Amino acid sequence: MTRSRGRSAGEGTIFQRSDGRWVARVVYHEDGKRKHKSRYAPSQAAARKELTILQKAQDSGAPMPSDRLTFSDYMTMWLDGKEPYMRPEAFRKYRSNARNHLIPALGRLPLSKLTAIQIKSAYSSFRKKGLAGTTLQHIHGLLHVALEDAIKDDLVVRNVAHLLEAPQRSTPEMTVLSREDAVFQAFAIGEAA
């Protein structure tokens, strides 16, 4: 009877560390060398999700996502690459929303570890600062497009902006004039003309 030698490369494993954190680890081969990629999670269920993400990256043949590239560095490179292909006014809006809102809120985070909760928290802080719903929609659209390009460049495995609904537009409440007010304004406009 032969004894099993454990899991094969790429299958992955989940275990709990002595400090209580859970680890999802995948072993893979790159440039003829055996390497491993680990992700840490607070629970076993979260570690399973991380393992699935790592396995999908490996199955697609894409390089393993790097934890060193920050969201800020990526957005700066992405904007530089987009500028020649965009209308100047559209590019100015992208750059303004990235520099004034997204990068200050999410810039320090590793691009490959960006989560929907972090984005949702950023959107909430933008709303508290008084940004209009339309601006939030533009920011969401910018983030969505940037992360789609990050997938194409094999920098992330999934677009976490897909997990969020676009922020709602804030339309000011419409006030309806009474009949007397409407007549008064019509009269005032007629006198001004």
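The values are calculated or read from the model by the stated rules, or taken from the named source; none is laboratory data. Here the structure is a predicted model, which means the values were calculated and not measured. Virtual Cβ from ideal backbone geometry, glycine too; neighbours counted across all protein chains shown. In case anyone asks, the SASA skips ligands and DNA or RNA and just uses the protein heavy atoms, side chains included. Shrake-Rupley method; radii C 1.70, N 1.55, O 1.52, S 1.80 Å.
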Filter segment 125-169 for residues that are of a type in the set (Lys, Arg) and under 19 Å from residue 72 (Cα atoms); which is surrounded by the fewest Cβ atoms within 10 Å (Cβ to Cβ)?
152
If you take just the helices (runs of 4 or more DSSP H) that sit entirely in segment 1-119, which of them hold at least 1 residues that are at pLDDT 90 or above and buried (at least 16 other Cβ atoms within 10 Å of the Cβ)?
71-82, 88-97, 103-106
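Return the only residue of 136, 155, 131 being hydrophobic (A, V, I, L, M, F, W, C), at pLDDT 90 or above and part of a loop (DSSP other than H, G, I, E, B). Step through it out loud before you land on a result.
On the way: 136 fails: part of a loop (DSSP other than H, G, I, E, B); 155 fails: at pLDDT 90 or above.
Only one candidate passes the filter, namely 131.
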Under 7 Å between Cβ atoms, at least 6 apart or on separate chains: pull out the pairs that start in segment 37-56 with a residue that is under 14 Å from residue 21 (Cα atoms) and end on any residue that is open to solvent by 30 Å² or more (accessible area, probe 1.4 Å) and in a helix (DSSP H, G or I).
39/50; 41/50
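Looking at segment 88-125, which of its residues are more than 12 Å from residue 143 (Cβ to Cβ) and among the β-branched types (Val, Ile, Thr)? Break it down stepwise before answering.
Restricting attention to segment 88-125, the residues satisfying the condition of being more than 12 Å from residue 143 (Cβ to Cβ) are 88-93, 95-96, 99-100, 104, 107-110, 112-113, 115, 117, 121, 124-125.
If the condition is that a residue be more than 12 Å from residue 143 (Cβ to Cβ) and among the β-branched types (Val, Ile, Thr), then 115, 117 are the ones that fit.
Given the residues 108, 127, which is the only one that is among the basic types (Lys, Arg) and under 30 Å from residue 51 (Cβ atoms)? Can you show your working first?
Values: 127 fails: under 30 Å from residue 51 (Cβ atoms).
Result of the check over 108, 127: 108.
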